[in-house]
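First up is the structure itself, then whatever we jot down about it.
The values are calculated or read from the model by the stated rules, or taken from the named source; none is laboratory data. Here the structure is a predicted model, which is why all the values come from computation and not from measurement. Here Cβ is always computed from backbone atoms with ideal geometry, including for glycine, and neighbour counts include all displayed protein chains.
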Amino acid sequence: MSTSIVNKTAGGVPCLICDAVNSPKAMACQECTAPMQFVHDLMAQEREPRIVTVMGDSNVGKTIYLGFLLDMLSQRANDYEAVPKGAYSVDLQHTVISHMAYRMFPPKTPVESNEWRWSYYQVRRAEGTSPWVDLIMPDMAGEAIAAEVASPSTFRIVRNLLQKSAGALLLIDAAMASNGSPQPDFFGLKMLSYLESMLAPKRDAQIDTPVAVVLCKADYCPECFDQPRRFVEANLNRMSNMARSRFARVEYFASSVVGSLAYATSEEDGFVRPIPLHVSLRGVLEPFEWVISQL
Amino acid sequence: MGDLSALTAARQALRDGLAKAEAALEAAAAATSPPRPACSDAAPIDPPGPATVVEVEQAVFTSIRSPMGSGYRIVAASGGLPSEARRQITLRCPSHGNLCSSAAEAAGFMSFAAETGVRCVALSCFAGREHTARGGERVHTHVAILTEEAFALFGCHAAAVAEAIRRSGAERPAATTPERLPRLKLIATEGRGGHESCGAATEREAIRAAAGLLLAGQATALCGIENAANAAARVLDLLPAAARLRVELSCGVKFAPQRRLNFVCVEQPREEAARTLGGPAMTLLDGSRPQSSAEPASHDEWLRFAERSKREGRQSALETLCRRITEHDAAEVLSQIAAVSEAIHRAPTADRAALEELAAATRTAARGALARELQESLRRALARRDGELTRAEQAALAAAAADKAANDSQSRASA
């Protein structure tokens, strides 16, 4: 999973994600629709960018996790210094924080990749001696990830992105898993199997890419904060076995964003709507820190 | 003499009675038949011709929670859905917030080809609130998947397929959707005509320009129009089947590069459309303003012929001709077909001078089998007309001779 060196080719600019050559004025890659803004921003840095990909099923909470993670970084949590490159990089955290302030979950991310929000941050430890790392984190739609896993090359952008990723955060719905639903386990198993088939250097070799498995919505099952690995072994056994046998660097984390939830309904809606009453971040930064330490 | 006047009076009474009866029948028919839809949908002008029932595969792409997961995916499909079509539907159909309008009655329509030569025609609408309660409406898309042969029965006209789906009522979201659907039965009608012209003169100009660009193989976006589905149908009306097969279009659906369409129709004004379309990949035509010289002149003759045919109420004949042009649609081929077809239309009423002019169309080398066949028809039509004119001339000569003889005999008698 190495990133390409950003350089100008004759007559065009290569896309950071799929390497397709685009016109210098192009806003998005004509091949994979990734924004071309990164390329222009990265060219000035003369550094290899690191892409960290957040993966997860639909409605697992990728947008909200990524939004709060970026917000924590920009607020210098845990001595991190983080600089967003371009206003577009702030869009995601802005959307998430604003909605949560109004006690609403952020809108659903569409499957259309041109509507995904991408963030490009320069991150380093604030002590000053650690080097800057260029981090690119797209907020992908869970449906696109699931469709690509189910039928490879449907969403080439997902495949290209994962191939170029230096590390990954795999978000799993812990609340569903603790309720006995097999869906999170199967999604995790499929995702790891997809990564394995795409990244395995040779048969039987373990994959070296760091993968942080984040147990989201852990406020529904607080026991997973104590021993996330044991929680995974008990409730997500298929995925856990796959990770153990094929991935050299996997770590498990529990995470929650919402402190308390209320439920509301009205006659017009016809269904129950969860209302996030307050935000209480727990375990948001740790998975990211672990991935960064492994890069 | 008295008998003759009585007979004439009886005939006149009979004629009056028939006229009254016809008028009464027409009034009754007008009262019982439903009013013709205006520009609110893409209903054809002509009554449908003979019908064929076509069975096609179908799928529903939406976001519902099921034991297999949640989020936008194919939630129901008939048994024979090809895997490539499944992939294309997942990639191209609209998801959350991707209809152009947020009104409850918003609708979208798409047509695209799967790589295996299969054609997908998709109708989208809102189907209540998004189930995860994160705001916005759930987009429900019903897709009919047609084989090449089935699509040809509709004249390769995506709007005709969309009308057939609407008539079947299958596109309406159901309260519960079973995972396995039966094959969808659609009715394909022959000799259907063009679509009703609505909107300003600038819109008609833009539609013609869009057809010209599509014939020339250029990706086109049409904005600032009154009704996107109607405009798309009218553009398709002007295209021969070979060109219709190349058109992959969306109406009322937001532009997204991953849909890989070459014709996008939106009602938004130019400024808004330009923002979402982005980049120079598509030529943007504005239906609310006069056109500049965006339209390539190469297909002018065909487009003039097609527009004239529609204007003069020859939609069915135009549609029949369009359906027959399935292979070669180069500008020169279409120009010849247009010229010969126009000549065939004019031949039955042409005079001697016009016949000579029309015969010129038979003397150029035929470009393809259809042009050859049309030239043959033209020759027959010209010969028929020539015979009629000859007979008429002979009759006139004979009448003149008889008149002259009668005059002569009258003058001799008076002398």
Exercise. So which residues in the range B:170-186 are small (G, A, S) and either touching a Lys or Arg at 6+ places or on another chain (Cβ under 8 Å) or farther than 12 Å from B:A144 by Cα (or both), if there are any at all?
Worked result: B:A174, B:A175
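Residues are listed down the side, and each one gets a yes or a no for (1) surrounded by fewer than 16 Cβ atoms within 10 Å (Cβ to Cβ); (2) within 20 Å of the chain's Cα centre (by Cα); (3) of a type in the set (V, I, T):
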| site | (1), (2), (3) |
| --- | --- |
| B:L318 | no, yes, no |
| B:L321 | no, yes, no |
| B:E327 | yes, yes, no |
| B:H345 | no, yes, no |
| B:P348 | yes, no, no |
| B:D351 | yes, no, no |
Problem set entry | Hey, B:S101 at pLDDT 90 or above and part of a loop (DSSP other than H, G, I, E, B) or not | no
Problem set entry | Residues of the range A:101-126 classified as outside any strand (DSSP E or B), in contact (Cβ under 8 Å) with a residue 24 or more places away in the chain and away from every other protein chain (no Cβ under 12 Å), total | 2
Seminar exercise, completed: Scanning the range A:274-295 residue by residue, those closer than 26 Å to A:G167 by Cβ and small (G, A, S) turn out to be A:G283, A:S293
Exercise. If you scan the range A:208-241, which residues turn out to be surrounded by 20 or more Cβ atoms within 10 Å (Cβ to Cβ), in a helix (DSSP H, G or I) and among the aliphatic types (A, V, I, L, M)?
Worked result: A:A218, A:V232, A:M239
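Taking the stated definitions as given, is B:C265 within 17 Å of B:V121 (Cα to Cα) and either within 14 Å of chain A (Cβ to nearest Cβ) or crowded, with 22+ Cβ neighbours inside 10 Å (or both)?
Numbers: within 17 Å of B:V121 (Cα to Cα): yes; either within 14 Å of chain A (Cβ to nearest Cβ) or crowded, with 22+ Cβ neighbours inside 10 Å (or both): yes.
When the stated conditions are applied, B:C265 passes them.
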Seminar exercise, completed: Residues of the range B:108-120 being surrounded by fewer than 21 Cβ atoms within 10 Å (Cβ to Cβ) and touching a strand residue (DSSP E or B) at 6+ places or on another chain (Cβ under 8 Å), in sequence order, are B:A113, B:A114
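Quick check on the range B:131-139. Is at least one of its residues farther than 20 Å from A:I145 by Cα, more than 12 Å from every other protein chain (Cβ to nearest Cβ) and not in a strand (DSSP E or B)? Don't jump to the end; show me each part of the working.
Let us first name the residues in the range B:131-139 that are farther than 20 Å from A:I145 by Cα, namely B:133, B:135-137.
So of that shortlist, the ones also more than 12 Å from every other protein chain (Cβ to nearest Cβ) come out as none.
No: zero hits.
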Problem set entry | Which listed residue is in the same structural domain as B:Q58 (by TED's automatic domain parsing), crowded, with 20+ Cβ neighbours inside 10 Å and farther than 23 Å from B:C265 by Cα, from B:L123, B:L153, B:L146 | B:L153
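What number of residues within the range A:153-202 are among the hydrophobic types (A, V, I, L, M, F, W, C) and in a helix (DSSP H, G or I)? Walk me through how you get there before you give the answer.
Our first condition is that a residue be among the hydrophobic types (A, V, I, L, M, F, W, C); within the range A:153-202, this holds for A:155, A:157-158, A:161-162, A:166, A:168-172, A:174-177, A:186-187, A:189, A:191-192, A:195, A:198-200.
Checking the rest, the ones that are also in a helix (DSSP H, G or I) come to A:157-158, A:161-162, A:174-177, A:186-187, A:189, A:191-192, A:195, A:198-199.
Summing the residues that are among the hydrophobic types (A, V, I, L, M, F, W, C) and in a helix (DSSP H, G or I) in the range A:153-202 gives 16.
So is A:M176 of a type outside the set (S, T, N, Q) and within 14 Å of chain B (Cβ to nearest Cβ) or not?
Details: of a type outside the set (S, T, N, Q): yes; within 14 Å of chain B (Cβ to nearest Cβ): yes.
Yes: the conditions hold for A:M176.
Identify, from the list A:S178, A:S256, the residue that is over 14 Å from the mean Cα position of the chain (by Cα) and farther than 22 Å from A:P106 by Cβ.
Working: A:S256 fails: farther than 22 Å from A:P106 by Cβ.
Checking each option against the conditions leaves just A:S178.
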Problem set entry | Long-range neighbours under 6 Å by Cβ, at least six apart or interchain, first residue outside the structural domain of B:A158 (by TED's automatic domain parsing) within the range B:235-251, second β-branched (V, I, T) and part of a helix (DSSP H, G or I) | B:V235/B:I207
Seminar exercise, completed: Taking the range A:147-166 and keeping residues in contact with a helix residue (DSSP H, G or I) (Cβ under 7 Å, 6 or more places away or on another chain) and touching a residue at least 60 places away in the same chain (Cβ under 8 Å) leaves A:I157, A:L162, A:Q163
Problem set entry | In the range B:56-72, residue surrounded by the most Cβ atoms within 10 Å (Cβ to Cβ) [restricted to those that are free of Cβ contacts under 8 Å to residues at least 24 places away in the same chain and more than 14 Å from B:H131 (Cα to Cα)] | B:M68
Problem set entry | Any pair with Cβ under 8 angstrom, 6 or more apart, that starts in the range A:35-64 at a residue that is basic (K, R) and ends at one that is at pLDDT below 85 and not in a strand (DSSP E or B) | A:R47/A:W132; A:R50/A:T3; A:R50/A:L295
Exercise. Does B:H345 fit the bill of being at pLDDT below 90 and closer than 26 Å to B:L215 by Cβ?
Worked result: no
For this session: Among residues belonging to the range A:127-147 that are in a loop (DSSP other than H, G, I, E, B) and within 13 Å of the chain's Cα centre (by Cα), point out the one that is nearest to the other protein chains (Cβ to nearest Cβ).
Result: A:A141
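Could you check, for the range A:259-268, whether at least one of its residues is assigned to a strand (DSSP E or B), surrounded by 16 or more Cβ atoms within 10 Å (Cβ to Cβ), within 14 Å of chain B (Cβ to nearest Cβ) and free of Cβ contacts under 8 Å to residues at least 60 places away in the same chain?
No, the conditions are met nowhere in the range A:259-268.
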Exercise. Can you find a residue in the range B:61-69 that is away from every other protein chain (no Cβ under 12 Å), in contact with a helix residue (DSSP H, G or I) (Cβ under 9 Å, 6 or more places away or on another chain), over 16 Å from A:E148 (Cα atoms) and outside any loop (DSSP other than H, G, I, E, B)?
Worked result: no
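Could you tell me whether the range B:126-135 includes any residue that is in the same structural domain as B:R65 (by TED's automatic domain parsing) and at pLDDT 90 or above? Even if it seems obvious, please write down each step before you answer.
Residues of the range B:126-135 that are in the same structural domain as B:R65 (by TED's automatic domain parsing), as a first pass: B:126-135.
So of that shortlist, the ones also at pLDDT 90 or above come out as B:126.
Yes, because at least one residue in the range B:126-135 is in the same structural domain as B:R65 (by TED's automatic domain parsing) and at pLDDT 90 or above.
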Exercise. Where residues in the range A:81-100 are free of Cβ contacts under 8 Å to residues at least 40 places away in the same chain and hydroxyl-bearing (S, T, Y), which of them is farthest from A:L261 (Cα to Cα)?
Worked result: A:S89
Problem set entry | Matching entry among B:L236, B:L213 (being in a helix (DSSP H, G or I), touching a His at 6+ places or on another chain (Cβ under 7 Å) and farther than 26 Å from B:S102 by Cα) | B:L236
For this session: State all residues of the range A:41-64 that are over 17 Å from A:I17 (Cα atoms) and either surrounded by 24 or more Cβ atoms within 10 Å (Cβ to Cβ) or within 14 Å of another protein chain (Cβ to nearest Cβ) (or both); if no residue qualifies, say none.
Result: A:G56, A:D57, A:S58, A:N59, A:V60, A:G61, A:K62, A:T63, A:I64
Problem set entry | Selection within the range B:75-99 - surrounded by fewer than 21 Cβ atoms within 10 Å (Cβ to Cβ) and either free of Cβ contacts under 8 Å to residues at least 40 places away in the same chain or facing chain A (nearest Cβ under 7 Å) (or both) | B:S83, B:E84, B:R87, B:G97
Problem set entry | Residue selected from the range B:353-379 under the condition in a loop (DSSP other than H, G, I, E, B) and small (G, A, S), by the criterion farthest from the chain's Cα centre (by Cα) | B:A365
